[in-house]
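Have a look at the structure below, then the notes.
The values are calculated or read from the model by the stated rules, or taken from the named source; none is laboratory data. These numbers were taken from a predicted model, which means no experiment stands behind them. Cβ atoms come from the backbone with ideal geometry, glycine included; neighbour counts cover every protein chain shown.
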Amino acid sequence: MKLQHTETSLSEVNASVDTTKPVKGWRRILAYAGPAYLVSVGYMDPGNWATDLQGGAKFGYQLIWVLLMSNLMALLLQSLSARLGIVRRRDLAQANRETYPPLVNFCLYVLAEIAIAACDLAEVLGMALGIYLLTGLPLIYGVGITVFDTLLLLWLQNYGIRKLEAFIIALVVIIGSSFLIEIILAKPSLPEVAKGFIPTALNNQALYIAVGIIGATVMPHNLYLHSALVQTRKIGDDKASIRRALKFNFIDSTIALNAAFFVNAAILILAASVFFKTGNTEVAKIEDAYTLLSPLLGTKLAPILFAVALIAAGQSSTITGTLAGQIVMEGYLHIRINPLLRRLLTRLIAIIPAVAVILIYGEEKVDALLVFSQVVLSLQLGFAVIPLIHFVSDKQTMGEFAIKLWVKIAAWCIAAILVFLNVRLVVQEISAVYNEPGIGFWKIAIPVIALGFVWLFLTMTFLPLIKKQKRRDSAKLHSPVPSLNNLSVPEVNRIAVALDFSENDEKLIAYALHQGRKDAQYFLVHVVETAPARLLGEATDDEETRNDRQRLELYANTLQQQGYSVTASLGYNKRTSEIVRLVKENKADLLIMGAHRHKGLKDYVFGETIEAVRHELEIPVLIVNV
């Protein structure tokens with residue numbers, strides 16, 4: 001793990017697809033196509049299946065309008081997310097970090113991680129269900145198998161973002177094709193389907209499913225993801241290039257999210273046509289739907305397509321969930337960890353509740369857990385949507401690309417609807433808890449938790465408005481160009497040089513001598529990292545340590561003969577901590593280190609050392625590319 005100080009989101013693939021090349025027609029549009037498809041898989045993951053199946057089986061076509069409303073919400077919000085990434089070259093997590101105080105950011109980070117874990121929980125359960133339906137393997141083993149799909153993501157990342165996008169699009173095609181065939185086999189009543197697009201009142205049970213559908217459709221982590229993925233395209237800095245990128249990304253989002261709407265609507269319509277119409281309104285589990293599809297449709301192909309699409313949905317969504325986790329962690333905490341470790345952590349957080357539910361309550365509660373995970377997602381939405389609207393409305397940072405008034409009104413209306421539905425659902429669930437006899441832990445804890453959420457919500461909503469007003473007042477009171485009155489730099493008298501005993505040592509020493517000339521005191525530093533050094537420290541006396549000491553003393557003697565004041569110091573075991581220790585002990589006021597510009601593992605190792613060392617020291621650190 002290391003601190004991440006790059007200003008770019010998804011730095012490995014940032015601006016890796018060049019859209020500035022002079023091409024025309026479809027090739028120009030295709031250069032921008034891709035990010036929205038990675039986002040769209042989150043709108044057709046196994047969590048959607050559970051809510052859509054329950055909605056269709058219990059209420060027929062009644063909730064199609066909720067799906068349509070959710071899709072329109074998603075289209076607007078995802079376009080705002082893409083706008084933030086294209087114009088400001090910031091993802092949502094980075095923009096939050098720059099705007100809110102640390103405590104608010106930490107709370108938003110935790111909520112974002114909860115949303116990603118809830119999403120990943122749905123993907124774990126969905127893939128395990130798909131494996132079970134095709135092979136009969138128990139769910140508990142299927143959940144364990146999903147740990148290994150981390151290797152697939154790492155393998156795909158080696159081939160670049162375009163190959164990853166192509167893989168995801170292929171999975172989307174599999175899902176869409178499977179349900180197209182299912183719909184043809186189900187033969188739904190088109191007039192009744194059309195009636196489902198008319199909004200109707202919702203009872204308590206329908207509201208729970210509807211909020212789950214919204215949470216499964218308008219996913220909070222997708223807003224973080226989209227604002228970063230659009231930055232994989234290299235675009236020009238001029239206004240025409242930005243305007244073109246916004247246009248083509250909106251087209252990309254429209255096509256991708258309508259494909260996701262087709263899949264969700266197909267699942268709901270399939271459930272309504274096959275189960276609701278035949279009186280099987282209690283079909284609330286994916287495995288029940290799989291079992292009943294064959295006898296009700298009269299073909300064995302339907303359940304196989306159903307299971308294959310389920311596995312494809314789970315696999316595609318788990319890849320984008322990992323990317324969202326990376327974006328959130330790097331943006332909020334400025335921490336980057338190994339992608340494999342990040343994936344394993346996300347997956348284990350999702351597996352633990354899944355295994356617990358299966359072991360304690362049995363496999364029959366899995367679908368209820370799926371729906372609950374989507375309700376959790378919905379409850380996080382306001383905390384991602386409201387900051388996003390603030391950012392894309394700010395004319396000072398967005399310039400002429402700030403959203404228009406009617407878009408702003410529509411976005412705030414969507415935010416209000418989401419918050420209202422979530423508050424109504426929370427109040428409904430809290431009332432059920434307080435109606436139970438006795439005074440339980442939750443009856444005491446709920447008011448405290450609620451106050452915390454109210455504080456976070458109000459701070460998140462109104463702080464950007466206060467800061468915007470302060471910026472306006474500051475612009476009136478102060479000159480836009482600061483005065484440069486103090487440009488003096490303290491003299492450098494004690495210079496430490498970290499050496500690695502390679503052909504680059506000479507270059508590092510030369511830079512050091514140029515900084516201090518013959519008036520400065522020089523400290524040559526090298527760290528021994530052998531196995532004995534880890535155990536014995538300064539008592540180490542193996543052959544490598546002796547050679548290192550002799551070489552360091554040879555450097556020092558050579559420079560002393562040329563008239564320089566030089567001292568040599570060896571460190572042992574941990575490179576980072578030893579360099580910091582030796583620099584502080586020698587009271588150096590400048591450290592010179594080499595950046596080797598290696599790739600792969602070496603880049604990770606050397607980069608970690610430099611970043612860690614310079615943040616442990618208060619003195620200037622000169623990094624020399626060698």
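Annotations
- In the stretch 67-91, of all residues being buried (at least 22 other Cβ atoms within 10 Å of the Cβ) and not in a helix (DSSP H, G or I), the one that is farthest from the chain's Cα centre (by Cα) corresponds to Arg90.
- Qualifying residue in the stretch 207-222 (condition: aromatic (Phe, Trp, Tyr) and either closer than 20 Å to Ile269 by Cα or modelled with pLDDT under 85 (or both)): yes
- The set of residues from the stretch 22-37 being over 17 Å from Asn71 (Cβ atoms), touching a residue at least 24 places away in the same chain (Cβ under 8 Å) and either outside the structural domain of Ala118 (by TED's automatic domain parsing) or in a helix (DSSP H, G or I) (or both) comprises Arg28, Ile29, Ala31, Tyr32, Pro35.
- Some residue of the stretch 214-225 being out of contact with any Lys or Arg (no Cβ under 6 Å at 6 or more places or on another chain) and over 24 Å from Gly321 (Cα atoms): no
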